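Working notes, structure below.
The values are calculated or read from the model by the stated rules, or taken from the named source; none is laboratory data. Everything quoted here is computed from the prediction, not taken from an experiment. Quick reminder, even Gly has a Cβ in these numbers, built from the backbone with ideal geometry, and neighbours come from all protein chains shown.
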Amino acid sequence: MKDSVRIVVAGDHSSGKTSLIKTLISEEFDDQVPPTLPVVVIPPEVVPERVHVSIVDTPSRPADKALLEAELQKADVVVLVYDVSQKDALQRVRSHWLNEFERLRMDVPVILVGNKMDLRGGSAENPSHSLESEIMPIMNEYKNLETCIEASSKQLFNVAEVFYFAQKAVLHPTAPVYDVKEHRLKPLAVAALKRIFRLCDTDRDGKLNDTELNEFQYKCFNVHLRNEELVGVKNVVRENTRSGLDSDGNLTVDGFLYLHTLFIIKGRAETCWTVFRRFGYNDDLRLNPTEVLPELRRQPDQSVELTDRGLTFLESIFRLGDTDRDNALSPSELVEVFSPVPPDVSFHLYIGAESDGNVRVTGTQYPVLTKVNTKGYLELDSFLSAWCQRFIADPEHALLNLIYIGYDGEALSAIRITKRRRRERRATISSRSVLHACVFGPIGAGKTSFLRGFVGRPFSENIAPTKGRLAAAASLKIALPKSGDSLEPRLLTRTLILTEISDHVVDGFLASEREIESCDAAVLLYDVTDASSFGYVARLYGALKTIRPDLNCMIVACKQDLPSVEQEWPDSPSKFCGEEGLSTPQRISFREGAPTNIYPSVAMLCLKPMGSVSMNVERNKTGRFLRYAAGTVLLGVAVGCSYWASKKIYRMIKEGKMTGPSA
């Protein structure tokens, strides 16, 4: 909440704006007032909200227009005064003042005050006309018009209320919360209230029982509801919204939203803001990331994983969102799961989505393919796997989403930071529960099909090339080799994340230490029907191993169902892999069905904590020159030119210049 409020009083000459201020200060009416008053400062000790309040009078002469505009630009709220005894005064409000505010691009609340009620006829207590009929068309037209009120300085009527409403418009604004034209709460207010509802729904049954409702009341207002008050609240909800209570009389989210709508309608926006602020929301109805997110200190080779507590919470959210109890989330249910998250923060549109090859998705907001049921819905395992991918790609953003959807514990209790790889050098297998492999290859090699096959998506000839990144996430059972007296292989369940790094973003990937260190393994695909395909892979392999020699790699030959051609590379793929200490390329085809046996091999590669650098000193000339060329370019990284160096590597890969001496 703001710690100061600057109220600027404007209006036509003789509208009574100066009298309003003077009457507020002296609590009596004076016929003799100066043209303008100096700035009036009200100390926080006498303001209920304990904020500094400044009231600024403004001149009306055309010669003082520059001064008026300067003051308006500094206003937190404008009190616009007009003389109700003047026939055309209200029309001038619309034709002059409100247009002027729009010209100045002012985005502050405006309190419209019809002054001098005593001169119009009738009395303050018994006005002779309906204010609402005249004002509502103006309010509907001008979105910043917060409140309209009639007053009389001479009769001391509504003078204090004018400035109270002005303060309230700044400290407890209606505009961010309620759409006056549509007569409903705005989306961000609904999102915030849904999160608050989830936090108060401690048993995760989708409703607030009497105990939970009372705990909410006490948390926000430090007082419990008496039984008669509780009954009264429920009766109001029951009479005004059909779905506000369940059959047992418990408050639903619809009823919770209705109550806060009612507060706004009755002019009690401060009640809503008390609730928002008690639950950590700022004036923009967002959580402040610096206040809710802990600092995740980690090295580039460390990743962030969900703890059992974090996974248990997500499972409870899944069950809560599964309203039809079919053990899967439909698209509409998935949207509702993420409904408490502001649209610019949420990643729900990407979970389970197909890649759109015509849209380049940047940053960490890229699609995640998951396994879906026959209806195309997301089951629990896929829901959790998608979350695991988000924590690999952008843990801060994922954790913020977790908090928004209702995680109410200490943020760090939901996650853990893995060990550094070098600390696991001597381990048999990695201790990580989420494994991450990056998938590379030239355009058309089959990278997207490789990811789609992993999550059971059917093969398609019409998949557009990925222009940014694409991920696939699923849990996988991995059979470890037999050990000791065991007759059966030991089975591990791990979440495997595959991230496609397209040709469009591979240069940025090579430039980022954190990204290249995030990989537990690299899978390089080449197309057996394209003579230049393996050359791309071999050169990229050299660049990867120069930057990170311990990176576990696998080379895969795709499209084995089609006639293969001789690759334009000095060595055959099998010979190259042998000399580099790699397994012979596995040959796969997605037209013949997903080669499910390859994915456990990728997972096993990820489970090796550190890759081994081949000790074969008799490398052929091609290999030696390849490493020398890549190493020479990467010298730029050592002197702080990582971006330039990675761009040069990428350019050489694309142009085919990183070849053997014969080239």
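Suppose the filter is outside any helix (DSSP H, G or I) and of a type in the set (Lys, Arg); does Arg204 pass it? Spell out the reasoning first.
On the way: outside any helix (DSSP H, G or I): yes; of a type in the set (Lys, Arg): yes.
In short, yes.
Looking only at residues that are part of a strand (DSSP E or B) and either closer than 12 Å to Asp12 by Cβ or small (Gly, Ala, Ser) (or both) in the range 60-109, which one is farthest from the chain's Cα centre (by Cα)?
So the first thing to find is which residues in the range 60-109 are part of a strand (DSSP E or B), and the list is 77-83.
Then keep just the ones that are either closer than 12 Å to Asp12 by Cβ or small (Gly, Ala, Ser) (or both); that gives 80-83.
Numbers: Leu80: 38, Val81: 42, Tyr82: 44, Asp83: 48 Å.
Restricting to residues being part of a strand (DSSP E or B) and either closer than 12 Å to Asp12 by Cβ or small (Gly, Ala, Ser) (or both), the top hit is Asp83.
Of the residues Leu296, Leu311, Leu259, only one is surrounded by fewer than 18 Cβ atoms within 10 Å (Cβ to Cβ) and either in contact with a strand residue (DSSP E or B) (Cβ under 9 Å, 6 or more places away or on another chain) or in a loop (DSSP other than H, G, I, E, B) (or both); which? Walk me through it before giving the result.
On the way: Leu311 fails: either in contact with a strand residue (DSSP E or B) (Cβ under 9 Å, 6 or more places away or on another chain) or in a loop (DSSP other than H, G, I, E, B) (or both); Leu259 fails: surrounded by fewer than 18 Cβ atoms within 10 Å (Cβ to Cβ).
That would be Leu296, the only listed residue that is surrounded by fewer than 18 Cβ atoms within 10 Å (Cβ to Cβ) and either in contact with a strand residue (DSSP E or B) (Cβ under 9 Å, 6 or more places away or on another chain) or in a loop (DSSP other than H, G, I, E, B) (or both).
Can you find, within the range 225-255, the residue that is nearest to the chain's Cα centre (by Cα) among those that are exposed (fewer than 13 other Cβ atoms within 10 Å of the Cβ) and hydroxyl-bearing (Ser, Thr, Tyr)?
For the range 225-255, the residue satisfying everything is Ser243.
I'd like the residue in the range 569-596 that is under 45 Å from the mean Cα position of the chain (by Cα) and of a type in the set (D, E, K, R) and, out of all such residues, is farthest from Ser475 (Cα to Cα).
The extreme case among them is Glu580.
Can you tell me which residue within the range 36-46, out of those that are of a type outside the set (Ser, Thr, Tyr) and buried (at least 16 other Cβ atoms within 10 Å of the Cβ), is nearest to Ser15 (Cα to Cα)? I'd like the intermediate steps shown before the answer.
Step one: filter the range 36-46 for residues of a type outside the set (Ser, Thr, Tyr), giving 37-46.
Next, from what is left, pick out any that are buried (at least 16 other Cβ atoms within 10 Å of the Cβ): 37, 40, 42.
On the way: Leu37: 15, Val40: 19, Ile42: 23 Å.
The extreme case among them is Leu37.
How do the strands (runs of 3 or more DSSP E) wholly within the range 506-595 filter down when requiring 1 or more residues that are surrounded by fewer than 20 Cβ atoms within 10 Å (Cβ to Cβ): which remain?
On the way: elements: 521-527, 552-558, 586-588.
The strands (runs of 3 or more DSSP E) meeting that bar are 586-588.
Being in contact (Cβ under 8 Å) with a residue 12 or more places away in the chain, in contact with a helix residue (DSSP H, G or I) (Cβ under 7 Å, 6 or more places away or on another chain) and not assigned by TED's automatic domain parsing to the domain that holds Gly280 narrows it down to one residue among Leu402, Leu451, Leu480, Leu492; which is it? Walk me through how you get there before you give the answer.
On the way: Leu451 fails: in contact with a helix residue (DSSP H, G or I) (Cβ under 7 Å, 6 or more places away or on another chain); Leu480 fails: in contact with a helix residue (DSSP H, G or I) (Cβ under 7 Å, 6 or more places away or on another chain); Leu492 fails: in contact with a helix residue (DSSP H, G or I) (Cβ under 7 Å, 6 or more places away or on another chain).
Result of the check over Leu402, Leu451, Leu480, Leu492: Leu402.
With the requirement that a residue be of a type in the set (A, V, I, L, M, F, W, C), in contact with a Leu (Cβ under 8 Å, 6 or more places away or on another chain) and not in a helix (DSSP H, G or I), what does the range 207-255 give you?
Within the range 207-255, Leu208, Leu225, Leu245, Leu251 qualify.
Looking at Thr290 and the list (1) among the polar types (S, T, N, Q); (2) farther than 27 Å from Glu182 by Cα; (3) at pLDDT 95 or above, which single condition is not satisfied?
(3)
Quick check: is even one residue across the range 132-145 assigned to a loop (DSSP other than H, G, I, E, B), touching a Phe, Trp or Tyr at 6+ places or on another chain (Cβ under 6 Å) and modelled with pLDDT of 85 or more?
There is no residue in the range 132-145 that is assigned to a loop (DSSP other than H, G, I, E, B), touching a Phe, Trp or Tyr at 6+ places or on another chain (Cβ under 6 Å) and modelled with pLDDT of 85 or more.
Any idea which of Asp12, Asp30 is of a type in the set (Asp, Glu) and buried (at least 16 other Cβ atoms within 10 Å of the Cβ)?
Values: Asp30 fails: buried (at least 16 other Cβ atoms within 10 Å of the Cβ).
It is Asp12.
Within the range 267-296, how many residues are more than 30 Å from Gln167 (Cβ to Cβ) and either touching a Pro at 6+ places or on another chain (Cβ under 6 Å) or touching a residue at least 12 places away in the same chain (Cβ under 8 Å) (or both)? Talk me through it step by step, then tell me what you get.
So in the range 267-296, the residues more than 30 Å from Gln167 (Cβ to Cβ) come out as 293-296.
Right, trim to either touching a Pro at 6+ places or on another chain (Cβ under 6 Å) or touching a residue at least 12 places away in the same chain (Cβ under 8 Å) (or both) and you get 293-294, 296.
The number of residues fulfilling the criteria is 3.
Scan the range 178-201 for residues that are in a loop (DSSP other than H, G, I, E, B) and modelled with pLDDT of 95 or more and report the count. Before you say what the answer is, go through the steps one by one.
At the first step, the residues of the range 178-201 found to be in a loop (DSSP other than H, G, I, E, B) are 180-183, 186, 201.
Checking the rest, the ones that are also modelled with pLDDT of 95 or more come to 186, 201.
Final tally of qualifying residues: 2.
Considering only the range 60-72, I want to know if a residue exists there that is assigned by TED's automatic domain parsing to the domain that holds Lys154, at pLDDT 90 or above, of a type in the set (Ser, Thr, Tyr) and crowded, with 16+ Cβ neighbours inside 10 Å.
No: the range 60-72 contains no residue that is assigned by TED's automatic domain parsing to the domain that holds Lys154, at pLDDT 90 or above, of a type in the set (Ser, Thr, Tyr) and crowded, with 16+ Cβ neighbours inside 10 Å.
Is it the case that the range 498-511 has a residue that's more than 28 Å from Gly593 (Cβ to Cβ), touching a Pro at 6+ places or on another chain (Cβ under 6 Å) and modelled with pLDDT under 95?
Within the range 498-511, none of the residues are more than 28 Å from Gly593 (Cβ to Cβ), touching a Pro at 6+ places or on another chain (Cβ under 6 Å) and modelled with pLDDT under 95.
Quick check on my filter: what residues within the range 582-607 are closer than 15 Å to Asp527 by Cβ and out of contact with any Pro (no Cβ under 6 Å at 6 or more places or on another chain)? Before you say what the answer is, go through the steps one by one.
Residues of the range 582-607 closer than 15 Å to Asp527 by Cβ: 585-591.
Within the range 582-607, Gln586, Arg587, Ser589, Phe590, Arg591 meet the criteria.
Take the range 460-490 and flag every residue that is acidic (Asp, Glu) and at pLDDT 70 or above. It would help to see each step written out before you state the result.
Kept after step one, since they are acidic (Asp, Glu), are these residues of the range 460-490: 461, 485, 488.
Within the range 460-490, Glu461 is the sole residue that qualifies.
Can you name the condition, by its number, that Thr495 falls short on among (1) of a type outside the set (A, V, I, L, M); (2) over 26 Å from Thr370 (Cα atoms); (3) crowded, with 23+ Cβ neighbours inside 10 Å?
(2)
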